[in-house]
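Participant: I am attaching a structure below and will ask some questions about it afterwards.
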Amino acid sequence: MAVDLYWLPLGAGGHSVRFNGKVFEAAVSLLERRRRCDLYHSALEVHVPEGRFTIESAPVPNANAHERGVVAEGPVGSRWAGHMRIFRYEIRCWRGGVIPDLGEAVESPQRLTEDEDTARRLLHLAPQVPTPVWGRDEFKVGEMWNSNSIISWLLVRSGLDEESVIMPSGGRAPGWDSGLVVARRQV
């Protein structure tokens, strides 16, 4: 029994997301008057006696959601555009699932717990993750909601100590604090 956290470089395996992430980070770091950081996307692997489950968020590639363990979906960028697949994200809790580009993970995995009850609670909570508009701050917490928000929300709601999570050196995970704040409000 275990819960492992993985840090994947934003846009690993692709060029568009990586480039756009660099532009985003350059603008934000300039506005915040700080050095640029590498950006990361987080994902989880949960090990229980029934098998290994991957939990992450990604764009909706096709209509075969059940094959990927999809437990929820939400709009990207704007609620009105969310009816089109290209403007939707999905949350996966996928038994035997694959985390794309796992080979590029940095300072991973981070073992967060070996407690079976906590691992099961985390799996049970996956379908309950909020699904506001990705890239917006609909909860008014000062930071956008994204894949990192989903993972940090799950950690807090399942009772894991988010203080034990270590960001990769020289990096940051936009959206991470959004998930923490929303989860604490709900507890």
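Participant: Could you list, in sequence order, the residues of region 79-93 that are hydrophobic (A, V, I, L, M, F, W, C), closer than 24 Å to Y40 by Cα and more than 14 Å from the chain's Cα centre (by Cα)?
Facilitator: I86, F87
Participant: In region 147-162, how many residues are modelled with pLDDT of 95 or more and in a loop (DSSP other than H, G, I, E, B)?
Facilitator: 2
Participant: Let me ask you something else. Please give the number of the condition R121 fails out of (1) at pLDDT 95 or above; (2) surrounded by 15 or more Cβ atoms within 10 Å (Cβ to Cβ); (3) farther than 19 Å from W153 by Cα.
Facilitator: It fails just one condition, (3).
Participant: Additional query: Tell me whether region 163-174 contains one or more residues that are at pLDDT below 95, assigned to a loop (DSSP other than H, G, I, E, B) and touching a His at 6+ places or on another chain (Cβ under 8 Å).
Facilitator: Checked region 163-174: at least one residue is at pLDDT below 95, assigned to a loop (DSSP other than H, G, I, E, B) and touching a His at 6+ places or on another chain (Cβ under 8 Å).
Participant: Okay, moving on. Of the residues G170, G175, G135, G179, only one is on the phi > 0 side of the Ramachandran plot and under 11 Å from the mean Cα position of the chain (by Cα); which?
Facilitator: So the residue among G170, G175, G135, G179 that is on the phi > 0 side of the Ramachandran plot and under 11 Å from the mean Cα position of the chain (by Cα) is G175.
Participant: Name every residue in region 16-41 that is modelled with pLDDT of 65 or more and touching a strand residue (DSSP E or B) at 6+ places or on another chain (Cβ under 6 Å), in order of residue number.
Facilitator: Once the filter is applied, which keeps residues that are modelled with pLDDT of 65 or more and touching a strand residue (DSSP E or B) at 6+ places or on another chain (Cβ under 6 Å), region 16-41 yields C37, D38, Y40, H41.
Participant: Out of L44, L39, L31, which single residue is more than 16 Å from L154 (Cβ to Cβ), surrounded by 16 or more Cβ atoms within 10 Å (Cβ to Cβ) and of a type in the set (A, V, I, L, M)?
Facilitator: Step by step, each of L44, L39, L31 is checked, and only L39 is more than 16 Å from L154 (Cβ to Cβ), surrounded by 16 or more Cβ atoms within 10 Å (Cβ to Cβ) and of a type in the set (A, V, I, L, M).
Participant: Which ones in region 47-59 are aliphatic (A, V, I, L, M) and crowded, with 19+ Cβ neighbours inside 10 Å?
Facilitator: Matches in region 47-59: I55 only.
Participant: Within region 175-187, which residues are part of a loop (DSSP other than H, G, I, E, B) and either hydroxyl-bearing (S, T, Y) or touching a Phe, Trp or Tyr at 6+ places or on another chain (Cβ under 9 Å) (or both)?
Facilitator: G175
Participant: Hey, among the residues in region 105-118 that are of a type in the set (A, V, I, L, M, F, W, C) and surrounded by 18 or more Cβ atoms within 10 Å (Cβ to Cβ), which one's nearest to the chain's Cα centre (by Cα)?
Facilitator: Among those residues, the one meeting the criterion is A105.
The values are calculated or read from the model by the stated rules, or taken from the named source; none is laboratory data. Since we're looking at a predicted model, the values are computed, not measured. So basically every Cβ, Gly included, is an ideal-geometry build from the backbone, and we count neighbours across all protein chains shown.
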